[in-house]
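Notes to accompany the following structure.
The values are calculated or read from the model by the stated rules, or taken from the named source; none is laboratory data. Nothing here was measured: the structure is a model prediction, and the numbers come from that model. Quick reminder, even Gly has a Cβ in these numbers, built from the backbone with ideal geometry, and neighbours come from all protein chains shown. The accessibility values were calculated without ligands, DNA or RNA, using every heavy atom of the protein model including side chains. Shrake-Rupley method; radii C 1.70, N 1.55, O 1.52, S 1.80 Å.
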Amino acid sequence: MEFSTAATPSGHRAHYLSESLEDPNPPQRTRRWIVNGLGFFFTMANELDVFVGNTTLIDEEVYQLWLDGYSVSDAVNIRLKSGILDQTGAGPDVLESDTMDHYRTFQMLERLLHYPPKLVQQLLFQIPPHKQSMLIERYYAFDEAFVREVLGKKLSKGTKKDLDDISAKTGVTLKSCRRQFDNFKRVFKVVEEMRGALVENIQQNFLLSDRLARDYAAVVFFANSRFETGKRKLQYLTFEDFATCAEHLIQNWTLGAVDVAEDMDMDLDKEFLQDLKELKILITDKDLLDQHKSLVCTSLRGKISVFHEMEANFKMLSRALVNIGTSLTHNKDVRDFFIDLVEKFIEPCKAANWSASDVQLFLTQYTASARALDAFKQQSLWERYMGTLRSCLMKMYHN
């Protein structure tokens with residue numbers, strides 16, 4: 001028996017096992033061709049016997065190399081270094097042919113992966129459900145280094161022109177950058193006008209896992225609101241930090257958070273943002289400001305390590321927290337939301353050596369104490385605003 005590589009009768013390169021018949025001098029030989037996991041038996045004469053398997057074989061390691069943007073030759077070299085030839089006993093030409101064969105399969109599957117329900121419904125490629133899920137999940141997975149570079153930017157041709165620079169900066173291959181960017185853009189276009197919950201719309205149309213769908217919801221939400229994430233002061237924040245904040249904003253500050261009829265998770269609730277101006281009374285009414293400070297200081301005395309710094313800077317911090325909300329009626333201030341959180345609250349607290357637990361205790365009591373202010377009538381608005389703001393600040397308060 002010999003294991004070789006040659007061209008099939010149809011002209012395609014394939015591997016085959018050649019076996020002699022019982023006759024020591026056989027008039028013909030039988031060959032089994034293996035093309036993309038399908039077995040074909042040929043008699044090298046006028047007659048042709050064919051065997052076709054019903055499952056498309058997917059090599060997950062080769063699939064990942066293809067997704068990562070490696071060429072066939074680079075993928076072959078990587079596979080050679082892994083010692084695959086020692087494990088299989090095959091030759092380099094067989095490995096190259098096998099890699100090319102897989103790449104051809106992935107290229108044919110790619111048009112279906114653009115719209116995952118089509119992959120599930122088609123009959124041309126017989127792929128088990130768990131393998132379909134793997135193909136989809138990995139195709140739509142993305143590199144954190146890449147997503148941090150495009151998060152909050154418009155998903156347009158202008159941004160796509162920057163992918164060369166992003167590839168050089170992040171070390172992600174240009175081909176992989178393009179795939180990830182096109183995936184973001186495709187998901188955005190499909191769900192941008194849809195009613196209903198953003199995460200559910202993404203899951204239903206792209207068959208992604210809950211976690212990956214939530215990550216895509218964050219990317220789509222940030223692209224729609226154009227939040228600034230690339231400034232130097234924000235570089236310490238990870239995609240996971242922003243994704244968590246996006247989830248809180250979607251759940252509490254969008255139209256879909258309160259209005260079932262509208263139920264749009266893509267857009268911030270403009271009426272809510274306009275109403276936030278009513279919170280200004282907390283810092284413009286001197287009596288309210290003094291009462292609020294007194295209540296917070298009384299509840300925190302002896303409980304936080306920076307009590308004296310907090311007491312001395314209470315009015316400055318309160319003005320910062322309220323003014324961030326009251327300025328959100330302007331598009332520029334919406335875009336600068338995260339910069340304002342860092343510059344107006346996080347940096348002053350870090351400069352005064354506040355610990356994360358100090359910040360958490362302060363924000364909790366700062367929010368709760370406003371409930372005891374009889375003259376403050378905007379309680380539900382305050383809770384909706386500070387609940388989300390507190391969650392974002394705590395997620396962002398780290399080195």
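Under 13 Å from the Cβ of Thr159, count the other residues' Cβ atoms, weight Lys and Arg +1, Asp and Glu -1, and hand me the total. With Lys, Arg at +1 and Asp, Glu at -1, the neighbours total +3.
Selection among Pro128, Leu95, Gly158 by position relative to the dipole of the range 85-160 gives Gly158 as farthest towards the positive end (Cβ unit charges, Cα centre). If you take every residue apart from Asn224 with its C-beta less than 10 Å away from the C-beta of Asn224, what net charge results, scoring Lys and Arg +1 and Asp and Glu -1? So the surrounding residues net to -1.
Of Lys161/Lys185; Lys344/Lys395; Lys153/Lys231; Lys231/Lys344; Lys81/Lys131; Lys185/Lys395, which ones are farther than 20 Å apart at the Cα?
Over 20 Å apart, Cα to Cα: Lys81/Lys131; Lys185/Lys395.
Rolling a 1.4 angstrom probe over the protein heavy atoms with all chains in place gives the range 121-239 an accessible area of 49 Å² per residue.
Accessible-area rank, largest first, for Lys81, Lys160, Lys185: Lys81, Lys160, Lys185, with all protein chains present and a 1.4 angstrom probe.
Compute, for the range 242-399, the length of the dipole vector about the Cα centre, with Cβ point charges of +1 (Lys, Arg) and -1 (Asp, Glu) only. Units Debye, rounded to 20. Write down the numbers at each step before the final one.
On the way: 18 positive and 23 negative charges, 135 e Å.
Magnitude of the dipole: close to 640 debye.
Of the peptides 232-240, 207-215, the order by per-residue mean of other Cβ atoms within 10 Å, starting with the highest, comes out as 207-215, 232-240. Taking only protein heavy atoms and a 1.4 Å probe, the accessible area of the range 102-216 is 51% carbon and sulfur.
The dipole here belongs to the range 95-200: it is taken about the Cα centre, uses +1 on the Cβ of Lys and Arg and -1 on the Cβ of Asp and Glu, and is about 420 debye.
Solvent-accessible area assigned to carbon and sulfur over the range 290-356 amounts to 49 percent, based on a 1.4 Å probe.
In this rough spin-label picture, where each label sits 7 Å from Cα along the Cβ direction, the Ala368-Glu193 distance is 4.8 nm. Take the Cα of Glu278, step 7 Å toward its Cβ, do the same at Ala168, and the gap between the two points is 5.3 nm.
Using the Cβ of Glu278 as centre and a radius below 13 Å, the other residues enclosed give a net charge of +1, where K and R count +1 and D and E count -1. Between the range 141-161 and the range 193-251, the alpha-carbon centres lie 13 Å apart. Extension gain, Gln251 to Lys270, is 5.4 nm, computed as 0.36 nm per intervening residue step minus the present C-alpha separation.
For the pair Met108 and His398, the difference between a 0.36 nm per residue extended length and the Cα-Cα distance amounts to 99.9 nm.
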